[in-house]
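Encoded as structure tokens, the structure appears first; notes follow it.
All of the numbers you see were taken from the coordinates with simple rules; none came from a lab. Predicted, not measured: the structure shown is a model, and the values here were computed from it. Cβ coordinates were reconstructed from backbone atoms using ideal geometry, including for glycine residues, and neighbour counts include every protein chain displayed.
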Amino acid sequence: MDNCIFCKIAAKQIPSTIVYEDEDVLAFKDINPAAPVHLLLIPKQHLSTLSDCTANQAALLGKMLALVPRLAEEFGCAVSYDADGTPTGGYKTIINSGPDGGQEVYHLHLHLVGGPHPWRRLH
Ligand code: 5GP
Ligand code: ZN
């Protein structure tokens with residue numbers, strides 16, 4: 001898509017700190033992080049919002065979601081358990097959709113936000 005900033009990042013026309021890439025998906029650091037870990041996971045294919053997805057994108061969406069725990073582990077914010085079984089660590093996965101959902105960039109993306117608090121408020 002012309003004029004889509006995340007398509008340009010996927011095409012390497014705009015620099016970003018890429019942390020994962022395969023033929024379908026790209027993950028890179030958010031330019032304005034709200035927390036110690038703030039990654040964006042995008043499909044390389046331009047889809048504007050989650051509302052543009054159908055069952056045809058089920059595998060792609062599943063791939064993006066399945067990447068989350070792997071990147072959380074790599075960036076040190078995976079959920080782990082104390083000796084007594086109490087969970088520690090963790091992260092949020094967020095997809096903002098449309099103006100009421102707080103979406104600013106209209107190329108589907110999943111936020112992975114984690115690490116020690118405080119975090120900036122996420123809308
Ligand atoms: P949204 O509100 O659409 O869910 O979030 C868009 C996110 O994209 C924001 O967290 C913002 O900081 C990030 N962002 C916007 N432009 C760029 C950019 O050019 N590069 C990177 N790495 N992140 C961007
Ligand atoms: Zn795009």
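Within segment 77-96, does at least one residue satisfy the condition of being of a type in the set (G, A, S) and within 14 Å of the chain's Cα centre (by Cα)? Show your work before the answer.
As a first pass, look at segment 77-96 and keep what is of a type in the set (G, A, S): 78, 80, 83, 85, 89-90.
From the residues that got through so far, the ones that are within 14 Å of the chain's Cα centre (by Cα) too are none.
Within segment 77-96, not a single residue is of a type in the set (G, A, S) and within 14 Å of the chain's Cα centre (by Cα).
If a residue has to be among the polar types (S, T, N, Q) and away from ligand 2 (no atom under 16 Å from the Cβ) to count, how many in segment 38-56 make the cut?
Qualifying residue count, segment 38-56: 2.
Within the set of pairs 6 or more residues apart or between chains, which connect a residue that is within 14 Å of V19 (Cα to Cα) inside segment 51-77 to a residue that is surrounded by fewer than 16 Cβ atoms within 10 Å (Cβ to Cβ) and of a type in the set (F, W, Y) with Cβ atoms less than 9 Å apart?
L67/Y20; R70/Y20; L71/Y20; E74/Y20
Taking the options A10, A35, A27, name whichever one is buried (at least 19 other Cβ atoms within 10 Å of the Cβ) and either within 11 Å of ligand 2 (Cβ to nearest atom) or β-branched (V, I, T) (or both).
Values: A35 fails: either within 11 Å of ligand 2 (Cβ to nearest atom) or β-branched (V, I, T) (or both); A27 fails: either within 11 Å of ligand 2 (Cβ to nearest atom) or β-branched (V, I, T) (or both).
Criteria check complete, one pass: A10.
Specify the residue that is nearest to the chain's Cα centre (by Cα); the eligible residues are those in segment 7-61 that are within 10 Å of ligand 1 (Cβ to nearest atom) and farther than 22 Å from F75 by Cα. Write out each step before concluding.
Initially, segment 7-61 is screened for residues within 10 Å of ligand 1 (Cβ to nearest atom), giving 8-9, 14-18, 28-34, 38-40, 42, 49.
Filter once more, so that each one left must be farther than 22 Å from F75 by Cα: 8, 14, 49.
On the way: K8: 17, I14: 18, T49: 13 Å.
The extreme case among them is T49.
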